[in-house]
Amino acid sequence: MSLGITVPDKFYELVEANADMYLFSPYDVEKVYGQPFAYVDITAEYDRMVANPAIHKVKVNARSLEDEISKLQQESGYPYIVNIDTENRANPIAGRIIMSNLCSEIAQVQTPSQINDDQTYAHLGTDVSCNLGSTNVANLMETPDFGQSIQAMVRALTYISDIESLATVPTIKHGNDQLHAIGSGQWACTAF
């Protein structure tokens, strides 16, 4: 299981100001806002959430928290960070991105499902299907036709997306059928 943190712009504002910030109880936020914590715009709602006594919160120093996250990343590579406000501002697809995969190649709109008491779907949401590939940057840069290499990679990943059918997880199948998200990561190879 990978560990990720979704951070709004407000986090960076507080880090830069070396100010205290609040961490909120997702359960309380969901009760107050009537939607999952991940779907609440924390940057826009931050001050109202701080002022709301119905939402339990813990005060921490933003710079100290960022330092601890950085130490963990240096030691283990985790947690990864998704700059959620930036991703949503640049997102050309209607809807809200709420998370990503580990390296952020896939940042896709997700919608929650509504489940009936008998475990059928009242509304089938969409989740992310990570159809990923990886390239060797050094080799790719030396290819005589960079564009052709990219087209071949996109065709191969699209094929995977087209044939992938996860009927056992209907929300992922639904998201993949709608958006066919593909992503490419890069790795560099250095000879010693």
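The values are calculated or read from the model by the stated rules, or taken from the named source; none is laboratory data. In this text the structure is predicted, and so the values were computed from the model without any measurement. No Cβ is skipped: glycine too gets one built from the backbone with ideal geometry, and neighbour counts run over all protein chains shown.
One residue stands out in segment 3-33 among those that are part of a loop (DSSP other than H, G, I, E, B) and surrounded by 14 or more Cβ atoms within 10 Å (Cβ to Cβ): the one that is farthest from the chain's Cα centre (by Cα), namely Ser25.
So which residues in segment 98-127 are aliphatic (A, V, I, L, M) and either over 22 Å from Val154 (Cα atoms) or modelled with pLDDT under 80 (or both)? Answer for segment 98-127, where residues must be aliphatic (A, V, I, L, M) and either over 22 Å from Val154 (Cα atoms) or modelled with pLDDT under 80 (or both): Ile98, Met99, Leu102, Ile106, Ala107, Ile115, Ala122, Leu124. With respect to Glu142, determine if the residue is of a type in the set (Asp, Glu), surrounded by fewer than 17 Cβ atoms within 10 Å (Cβ to Cβ) and at pLDDT below 80. In short, no. Evaluating Ala122 against the criteria (1) touching a helix residue (DSSP H, G or I) at 6+ places or on another chain (Cβ under 9 Å); (2) among the aliphatic types (A, V, I, L, M); (3) within 26 Å of Ala94 (Cα to Cα) leaves one unmet condition, (1). If I go through segment 48-93 residue by residue, how many of them are at pLDDT below 90, more than 20 Å from the chain's Cα centre (by Cα) and acidic (Asp, Glu)? Summing the residues that are at pLDDT below 90, more than 20 Å from the chain's Cα centre (by Cα) and acidic (Asp, Glu) in segment 48-93 gives 1.
Sort out which residues of segment 128-138 are more than 12 Å from Ala156 (Cα to Cα) and either touching a strand residue (DSSP E or B) at 6+ places or on another chain (Cβ under 8 Å) or at pLDDT 85 or above (or both), and write them in order of number. Let's see the steps before the verdict.
Our first condition is that a residue be more than 12 Å from Ala156 (Cα to Cα); within segment 128-138, this holds for 128-130, 135-138.
Cys130, Thr135, Asn136, Val137, listed by residue number.
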